[in-house]
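The values are calculated or read from the model by the stated rules, or taken from the named source; none is laboratory data. Keep in mind that this is a model prediction, so the values were computed, not measured. Neighbour counts run over all protein chains shown; Cβ positions are idealised from the backbone, glycine included. Surface areas here come from the heavy atoms of the whole protein model, side chains and all, with no ligands, DNA or RNA. Shrake-Rupley method; radii C 1.70, N 1.55, O 1.52, S 1.80 Å.
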Amino acid sequence: AKPFQAPQGEECIEQISAHIETHLGEVESVFHEIVSDTVHIDVHLVKPTETFPSARPVTCGMSDLPMAIPSGAEASRYAELMITLPGDWQLDQQSFKEEKWYWPVRLLKELARLPHKYDTWLAFGHTVPNGDPAEPYALGTKLCGAIIVPSPTVPDGFHQLRIHEHKQITFFAVVPLYAEEMRLKLRDGSEKLLDKFVEMNVSDIVDPSRRNVARKRFGLF
């Protein structure tokens with residue numbers, strides 16, 4: 001067996017970059033990893049536009065390796081992740097020294113690595129807590145986990161990218177959650193949680209202090 005070598009994030013970088021720009025808009029900058037563990041994850045930043053005034057960091061490199069999909073599961077073996085941030089979110093290297101600005105990008109990179117480090121998979125409806133017990137991602141928010149879903153705010157053509165006959169990449173959104181929302185999902189399923197999001201007009205745009213859609217159900221107000 002050949003010794004494992006971490007891919008350098010170059011396998012599909014041109015196709016992924018073109019796909020992002022075709023469907024989401026201009027890539028303003030790319031946060032390149034200096035040191036990589038398991039896979040090389042770069043983050044492409046799509047800047048806000050007049051038609052969509054939010055910023056979208058998107059991973060590139062997670063799809064260099066296939067995920068360990070259980071037999072019988074209908075899921076994509078190749079994925080990349082996106083998170084949607086308010087247009088005024090600070091996304092420069094100086095601001096990233098503060099966790100209150102950096103945590104969504106840190107979350108993207110950690111989730112993009114997770115399947116490859118732990119021989120597992122991420123797909124629609126999977127939730128990942130921030131540690132055990134789950135800890136808030138940063139001071140100033142109680143969000144402490146995330147769900148993987150198709151983004152409701154991207155053009156339909158963005159969700160899938162066909163590289164070749166044997167490789168199709170699925171692009172998922174990462175939506176941060178509260179502890180009660182993760183419990184609701186585990187108990188009643190992801191569709192029930194997403195119905196609550198729609199009912200309470202919660203989008204996939206990160207808001208560190210958004211309302212908690214599960215609080216009423218758990219008797220917290």
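Using 0.36 nm per residue, how much length does the chain from Asp132 to Asn201 gain when fully extended, once their Cα-Cα distance is taken away?
Separation in residues times 0.36 nm, less the Cα-Cα distance, equals 21.9 nm.
Calculation over all alpha carbon pairs of the chain in 5 angstrom steps from 0 returns a P(r) of 1, 6, 15, 20, 20, 18, 12, 6, 2, 1, 0, 0 percent.
Please report, in debye to the nearest 20, how large the charge dipole of segment 82-209 is about its Cα centre when each Lys and Arg carries +1 at its beta carbon and each Asp and Glu carries -1 there.
Roughly 320 debye, rounded to the nearest 20.
Counting only protein heavy atoms and a 1.4 Å probe, segment 99-221 has 51 square angstrom of accessible area per residue. Computed over segment 23-87, the quotient of the alpha carbon radius of gyration and 2.2 N^0.38 Å is 1.34. Semi-axis lengths, largest first, of the ellipsoid equivalent to segment 1-130 are 25, 16, 16 Å, with √(5λ) applied to each eigenvalue of the Cα gyration tensor. Rolling a 1.4 Å probe over the protein heavy atoms of segment 134-213, with every protein chain left in place, gives an accessible area that is 52 percent carbon and sulfur. For segment 72-163, the direction-averaged projected area of the alpha-carbon convex hull comes to 8.0 nm².
Ellipsoid fit via the Cα gyration tensor, segment 151-204: semi-axes of 28, 14, 9 Å, each the root of five times an eigenvalue, largest first.
Percent of Cα pairs in segment 95-221 per distance bin of 5 Å, from zero to the largest separation: 2, 10, 18, 23, 20, 14, 8, 4, 1, 0, 0.
Placing a label point 7 Å from the Cα of Asp88 along the Cα-to-Cβ direction, the residues of segment 125-153 whose backbone N falls under 19 Å from that point are 140-141.
Note on Gln160 and Glu110: the model spin-label points, each 7 Å out from Cα along the C-beta direction, lie 3.2 nm apart.
Inter-label distance, Ala68 to Phe96: 3.0 nm, where each label sits 7 Å from its Cα along the C-beta direction.
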